[in-house]
Amino acid sequence: MTSPADPRYRIGEAAEAAGVTPRTIRYYEEIGLLGAAGDRLKGSHRLYSDADVERLRELVRLRDLLGVSLEELTRLADTIEVRASLRDQWASSTDDADRVRILEAAVDNIERQLELVHARQRSLAEFATERKAKLADLHRQLAELRG
């Protein structure tokens, strides 16, 4: 029986499960968003765990939802890793002082994510304002031409 962390998906299966192409997975490995490439021997098959597939899904969700660059996606991926680490620390700790530290780190981590979300919201709001102004201008021109 395999545990959730045991590699069991080949690249095509992992790509299908995550909704990406094998090429995307290879590229994400190359730029460090997914660590499986360095974890295998040269020439061996890529194998992925449930955790790898879940990470891919989360990366794709963030990429699509926020429309972020690969650099921004890398920063967000770091926050995903921090979240997973904090979750593990929380599960293994019963000390209140440790749990306070873990929660404070979780707050900082979420605040970093929100900074990027808010920056993206501001960019979208600016774009919407520009488009509204352009639309108003086009309607004005149409009205002038129609007399």
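The values are calculated or read from the model by the stated rules, or taken from the named source; none is laboratory data. It should be emphasised that the depicted structure is a prediction, and the values quoted were computed from it without experimental measurement. When we count neighbours, we look across all protein chains shown, and the Cβ atoms used for this are built from the backbone with ideal geometry, even at glycine. SASA here: full protein model, heavy atoms, side chains in, ligands and nucleic acids out. Shrake-Rupley method; radii C 1.70, N 1.55, O 1.52, S 1.80 Å.
If the requirement is being within 26 Å of the chain's Cα centre (by Cα) and over 21 Å from LEU62 (Cα atoms), which of these qualifies: GLU126, GLU104, GLU130?
GLU104
Need pairs with beta-carbon distance below 8 Å; first residue in contact (Cβ under 8 Å) with a residue 12 or more places away in the chain and within the stretch 93-120, second exposed (fewer than 11 other Cβ atoms within 10 Å of the Cβ) and not hydroxyl-bearing (Ser, Thr, Tyr); sequence gap 6+ or separate chains.
none
Name the pairs: first residue in the stretch 57-70 and open to solvent by 50 Å² or more (accessible area, probe 1.4 Å), second residue in a loop (DSSP other than H, G, I, E, B), Cβ to Cβ under 9 Å, at least 6 apart or on different chains?
Hits for this filter: ARG57/GLY19; ARG57/VAL20; LEU70/ILE31; LEU70/LEU33.
Here is a yes/no grid of residues against (1) at pLDDT below 85; (2) of a type in the set (Ser, Thr, Tyr):
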position: ASP39; (1), (2): yes, no
position: LYS42; (1), (2): yes, no
position: SER49; (1), (2): no, yes
position: ARG57; (1), (2): no, no
position: LEU86; (1), (2): no, no
position: ASP96; (1), (2): no, no
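Within the stretch 2-15, does at least one residue satisfy the condition of being touching a Ser or Thr at 6+ places or on another chain (Cβ under 6 Å), outside any helix (DSSP H, G or I) and either at pLDDT 90 or above or open to solvent by 90 Å² or more (accessible area, probe 1.4 Å) (or both)?
The answer is yes; a qualifying residue exists.
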